[in-house]
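Structure, as structure tokens:
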Amino acid sequence: MSANTAVLYRMREGIGILNGRLHKIGLRVFLVIVLAHWGEHLAQAAQIYVMGWPVPEARGVLGVPFPWLVTSEWMHYGYALIMLVGFVVLRPGFTGTSRTWWDITLVIQLWHHFEHLLLLVQALSGVHLAGRAVPTSIVQLLAPRVELHLFYNALVTLPMVIAMILHTRTDRADNAAARCTCAARA
């Protein structure tokens, strides 16, 4: 067995374990990451709409002491990538209707990831979409960035939460095929 084959085998084995006995823990860790990100966006929105801060000064909780975090396209892209990887890696643990909702979330996150990749490429190249002064996503041509990211996060989180709720319900027949213990069985 080659080294590459061995690594792929171990990764597949690890993903199997994560989607089996460790799925509940994996989902909880992933949910904490998602909620922490939501908290940052909600704090930024509160800074703008409740506290009246100008948009460039509204940087969320971590962005106030570390302003470079907000302006770093690498940080935003990295988070979008972590989200995408999380949706892909945790996907095999879902079955039935919860899998459908998880897949909806995955497709939305694919688009969100593409938008962040586009922003990162613009930041690295210095060539901005539509001749804008700053990196700009496609949908950002129609909506301001702060509001757009609140919308994207809601669009990703809502079907994700529906999937997780359906996946953990003990009364759903389609959970019987799940390899994990997220829906505790008697």
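Brief remarks on what is shown
- Nitroxide proxy distance, nm - points 7 Å out along Cα→Cβ at Leu31 and Val89: 1.8
- Kirkwood-Stokes translational diffusion coefficient of segment 1-139, alpha-carbon pairs, 20 °C, 1.002 mPa s, µm²/s: 123
- By the count of other C-beta atoms within 10 Å, a proxy for reagent exposure, Ser137, Ser2 are ordered fewest to most as Ser2, Ser137.
- Residues Met160, Met75, Met51 in ascending order of nearby Cβ atoms (within 10 Å, fewest first): Met51, Met75, Met160.
- Helix-only mean residue ellipticity at 222 nm for the chain, each DSSP H run of n ≥ 4 adding -39500 (n - 2.57), per residue, nearest 500: -22500 deg cm²/dmol
- Contour excess over end-to-end distance, with Cα ends at Phe151 and His128 and 0.36 nm allotted per residue: 6.0 nm
- Diffusion coefficient of segment 67-186 by Stokes-Einstein, Kirkwood radius over Cα pairs, 25 °C, 0.890 mPa s: 155 µm²/s.
- Averaging the sequence gap over all C-alpha pairs within less than 8 Å and six or more residues apart, then dividing by the number of residues, gives segment 12-103 a relative contact order of 30 percent.
- Rounded to the nearest 20, the Cβ-based charge dipole of segment 15-165 about its Cα centre (Lys and Arg +1, Asp and Glu -1) stands at 440 debye.
- Protection proxy ranking, peptides 57-65, 31-39, average beta carbon neighbours within 10 Å, highest first: 57-65, 31-39
- Fewest-first sequence of Asp171, Asp103 by Cβ atoms within 10 Å of each Cβ: Asp171, Asp103
- Taking the C-alpha atoms only, the angle from helix 3-18 to the longest principal axis of the chain is near 80 degrees.
- The C-alpha atoms of the chain define a longest principal axis, and helix 23-49 lies at about 20 degrees to it.
- Degrees, to the nearest 10: 73-90 long Cα axis against longest axis of the chain: 20
Quick note: the coordinates plus some simple rules give every number you see, no bench work behind them. Since we're looking at a predicted model, the values are computed, not measured. With ideal geometry, Cβ positions are generated from the backbone for all residues, glycine too; neighbour counts draw on all protein chains shown.
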